[in-house]
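Below is one structure, written out as structure tokens, with a few remarks after it.
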Amino acid sequence: MRAFEKGISWEPPPVRRRITAALAVLTCAYGASAFAQSSAPSAPPPPLMPITLLGDAVRGGVIGQTCTGCHGIPGYYNAQPAYHVPKLGGQNADYIEVALQGYRRGTRGHETMQAQASSLSDQDIADVAAYFESFKGEAETPRTLASAEKIEAGRAKSATCAACHGPEGVAAAPQWPNLAGQHETYLQVALERYKTGQRVDMVMNPLIAQLDKQSIEELAAFFASQPHLHNTEP
């Protein structure tokens, strides 16, 4: 009969006790380490850069046929939430590459765009960017119901943006987006997503975090009122 069945207290021999204690310490240490790792804030992803591959606009036109279902229809709206799909005519190819990589990586939150970009290789992205950059057209100014006062308020607040996006919304370098002439509603949504973290960017997130709703609307109204971008109709 076993010791505990005879009413005798039982404990493991000294060697076994030491092994058991050591295992318990290791288990606690591992658990604490795992908890610390899971609790620690994740490091921001490295910034995305343009792809160093020559883009083939002809091949990009074939791949980009699925894109034209939204981006090839002037004034087309994203369904929910409702806002204008961005104009790509006159946009920089380098920036389009950065944007598509962001959707592919998941640091830009849009289910349809993430699904579209997830299967694209670096060469595919370079080709699609070259295709959209190849569109020629007249600079357009989208309609805005914003007052002149609201537009001027946006101009005043855009001084911080000018270093990258230019004083009138035409980017100083091709890896940054041209904002001039972009749809007002799209600009509002993009800025709001930087504010909430649905878009992740080391520069944009801290800059937009301090903006209130009125400032976002004023900036969107200002950039939308400046002519530059245009529609891409197949």
With unit charges on the beta carbon (Lys/Arg positive, Asp/Glu negative), name the residue among GLN214, SER119, GLN226 whose Cα is farthest towards the positive pole of the charge dipole of region 117-234.
GLN214
Label-to-label distance, nm, for residues given as THR196 and ALA163 (7 Å Cα→Cβ offset):
2.8
First check a/c for region 144-234, with a ≥ b ≥ c the square roots of the eigenvalues of its C-alpha gyration tensor; if it is under 1.5, answer rounded, and if not, answer prolate when a/b is larger than b/c or oblate otherwise.
rounded
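First obtain the Kirkwood hydrodynamic radius of region 141-196 from its Cα pairs, then insert it into the Stokes-Einstein equation at 20 °C and 1.002 mPa s, and state the resulting D in µm² per second as a whole number.
Details: Rh = 12.0 Å.
For the chosen part, D equals 178 µm²/s.
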Quick one: pull the percent of accessible area on region 46-134 belonging to carbon and sulfur, 1.4 Å probe, ligands and nucleic acids left out.
59
Under a 1.4 angstrom probe, counting protein chains only, how are ASP201, ASP124 ranked by accessible area, largest first?
ASP201, ASP124
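What is the ratio of the Cα radius of gyration of region 47-155 to 2.2 N^0.38 Å, where N is its residue count, to two decimals? Display every interim value, and only then the final one.
On the way: Rg = 15.3 Å, N = 109, 2.2 N^0.38 = 13.1 Å.
Dividing the Cα radius of gyration by 2.2 N^0.38 Å gives 1.17.
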To the nearest 0.05, how large is the calculated FRET efficiency for ARG143 and VAL58 if R₀ is 30 Å and r is the Cβ-Cβ distance?
0.30
Note the count of lysine pairs whose C-alpha atoms are less than 25 angstrom apart in region 136-219, limited to pairs 8 or more residues apart or on different chains.
5
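The values are calculated or read from the model by the stated rules, or taken from the named source; none is laboratory data. For clarity, every value in this text was computed on a predicted model and none was experimentally measured. All Cβ positions, glycine included, derive from the backbone under ideal geometry; neighbour counts span all protein chains shown. Side chains included, ligands, DNA and RNA excluded: accessible areas come from the protein's heavy atoms. Shrake-Rupley method; radii C 1.70, N 1.55, O 1.52, S 1.80 Å.
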